[in-house]
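Asks: One structure, as structure tokens, below. Some questions next.
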Amino acid sequence: MESATSKAITLMTVALPTMFAVIGVFIFATKALHAAFPAPVEEDEDDDDEYEDDEDEK
Amino acid sequence: MEALIHQYPWLDELLMGFIGLSWKHVVMWAVGALLIYLAVKHDYEPTLLLPIGFGAVLANIPHSSAVSNAPGEQGFLIVLYNAGIANELFPVLIFIAIGAMCDFTPLIRRPSVMLFAAAAQFGIFATAIGATLVGFSFEHAASIGIIGAADGPTTIYVASRFAQELLGPLSVAAYCYMSLVPVIQPPVIRAITTESERKMKMGFEGEEPVSQTTKFLFPIMIVLIAGIVAPISVALIGSLMFGNLLKESGVVENLSNSAQNELANLVTLVLGITIGGTMSAERFLTFDVLLIMALGAVAFVFDTVGGVLFAKLLNLISPTKINPMIGACGISAFPMSGRVIAKMALKEDPTNFIIQHAIGVNVAGQVASVVAGGLVLALIPALAK
């Protein structure tokens, strides 16, 4: 049982920091992707139109 | 009775269901009926608890043909189990459907919310440690901890690999507690936050619109990063992101709609009843199952605590203050957790609208739970040696 507990503690000490590291890479990559392909102004207006259409339907 | 059966052998065939009946079967009917009741009367995860409840009833009729394992006469629940659970196919198909339903725009707009989602996976590991302390083996304890991912398909995926005999109770615990998020999270959050923290307002500055190209490339990027770190997670995160790619590509609307509707409904149906079919009395009526149900609740509590405390920690070092309650939305129970926290904020202050932030964190929880599941999948075999 002690061995299982120590394995579970090792799991936490390895997996948690690794997860934060992976999430850190996700954050960095997502920011880079978002910056590389900014939304054109027209697209924003389209979104607004769609929203208005949805509101009308309601 | 035995003499009568000896004299009239056909009686055995007619009465075998009645003769084989025990109190354990009746208890399992009650468990099945309870799940059906919760689904129908209280709307707790009805799409899953209803089939699971009925599957449990089918599996606990003595000599039930639905779960017969006789060669050449395998019951349909056994056939479904071998076809979709033992080889992890159903959870993967469910992930395609979930991916097609997901909108990652809030996450792309503010990717830093993924940190809360990572912190909210703390329950997985705390529960795994707790499970070993009450006597579970490491593999079983890690599978129990995955309930803390608040993600049914991930739980089923991990359990089908490392804890097949616990699949039924693990799935039931995961789905029951996911539907109990409105009951579990608010008291825990109130216990670890102050009134002024719960009333904190959050702005929306710097939130630019997201281009369709970014939305399209996002799932591909996530798969590549997660796959390189933990190749074993590719099946899970790959199917989730494939579903999302179908949606964001904009050129296969029919496939995207099919994934969101027909595929989701069909796989949920067979997944639920097949899981119910694993809940035989001899497997379910054990002390271990009681422990699993208790540990499932512990996992959700630790998730909530982990997310909220991490948000409070960030508030100490970050100039931009956030409402620490949104840390609790980092679990994968989407969109229930986001809605619960937004409602709590409104209750504290009717002018405090944090729903957008809460939903953003909740979407991030979908990704983080799969990453956590992938890491656990990768580490269990290595540590179990």
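Asks: So, in segment B:242-298, exactly how many residues are charged (D, E, K, R), more than 24 Å from B:A39 (Cα to Cα) and in contact with a helix residue (DSSP H, G or I) (Cβ under 7 Å, 6 or more places away or on another chain)?
Replies: Selection size over segment B:242-298: 2.
Asks: On to the next question. Please indicate, with yes or no, whether at least one residue in segment B:79-89 is open to solvent by less than 10 Å² (accessible area, probe 1.4 Å), of a type outside the set (K, R), within 14 Å of chain A (Cβ to nearest Cβ) and within 23 Å of B:T278 (Cα to Cα).
Replies: Scanning segment B:79-89, I find no residue that is open to solvent by less than 10 Å² (accessible area, probe 1.4 Å), of a type outside the set (K, R), within 14 Å of chain A (Cβ to nearest Cβ) and within 23 Å of B:T278 (Cα to Cα), so the answer is no.
Asks: Which residue, of B:A364, B:A358, is surrounded by 19 or more Cβ atoms within 10 Å (Cβ to Cβ), on the phi < 0 side of the Ramachandran plot, within 22 Å of the chain's Cα centre (by Cα) and within 11 Å of chain A (Cβ to nearest Cβ)?
Replies: Unique residue meeting the criteria: B:A364.
Asks: Could we say that B:A378 is of a type in the set (A, V, I, L, M) and modelled with pLDDT under 90 here?
Replies: Considered against the rule, which asks whether it is of a type in the set (A, V, I, L, M) and modelled with pLDDT under 90, B:A378 comes out as no.
Asks: Still on this structure, I have one more. Checking B:L246 against (1) within 27 Å of the chain's Cα centre (by Cα); (2) within 14 Å of another protein chain (Cβ to nearest Cβ): exactly one of these is not met. Which one?
Replies: With (1) within 27 Å of the chain's Cα centre (by Cα); (2) within 14 Å of another protein chain (Cβ to nearest Cβ) applied to B:L246, the lone miss is (2).
Asks: Could you figure out which of (1) out of contact with any strand residue (DSSP E or B) (no Cβ under 7 Å at 6 or more places or on another chain); (2) modelled with pLDDT under 95; (3) within 11 Å of another protein chain (Cβ to nearest Cβ) isn't true of B:A131?
Replies: Every listed condition holds for B:A131 apart from (2).
Asks: Say whether the condition of being of a type in the set (S, T, N, Q), free of Cβ contacts under 8 Å to residues at least 40 places away in the same chain and open to solvent by 30 Å² or more (accessible area, probe 1.4 Å) is met by at least one residue in segment B:71-78.
Replies: There is at least one residue in segment B:71-78 that is of a type in the set (S, T, N, Q), free of Cβ contacts under 8 Å to residues at least 40 places away in the same chain and open to solvent by 30 Å² or more (accessible area, probe 1.4 Å).
Asks: Could I ask something else about it? In segment B:23-105, which helices (runs of 4 or more DSSP H) lie fully inside it and hold 3 or more residues that are under 21 Å from the mean Cα position of the chain (by Cα)?
Replies: Passing ranges, in order: B:23-42, B:46-59, B:89-101.
Asks: Of the residues that sit in segment A:1-11 and are surrounded by fewer than 17 Cβ atoms within 10 Å (Cβ to Cβ) and facing chain B (nearest Cβ under 7 Å), which one is farthest from B:M221 (Cα to Cα)?
Replies: Of everything passing the filter in segment A:1-11, A:M1 is farthest from B:M221 (Cα to Cα).
The values are calculated or read from the model by the stated rules, or taken from the named source; none is laboratory data. As the structure is a prediction and not an experimental result, all values here were calculated from the model. All Cβ positions, glycine included, derive from the backbone under ideal geometry; neighbour counts span all protein chains shown. With ligands, DNA and RNA removed, areas are computed over all heavy atoms of the protein, side chains included. Shrake-Rupley method; radii C 1.70, N 1.55, O 1.52, S 1.80 Å.
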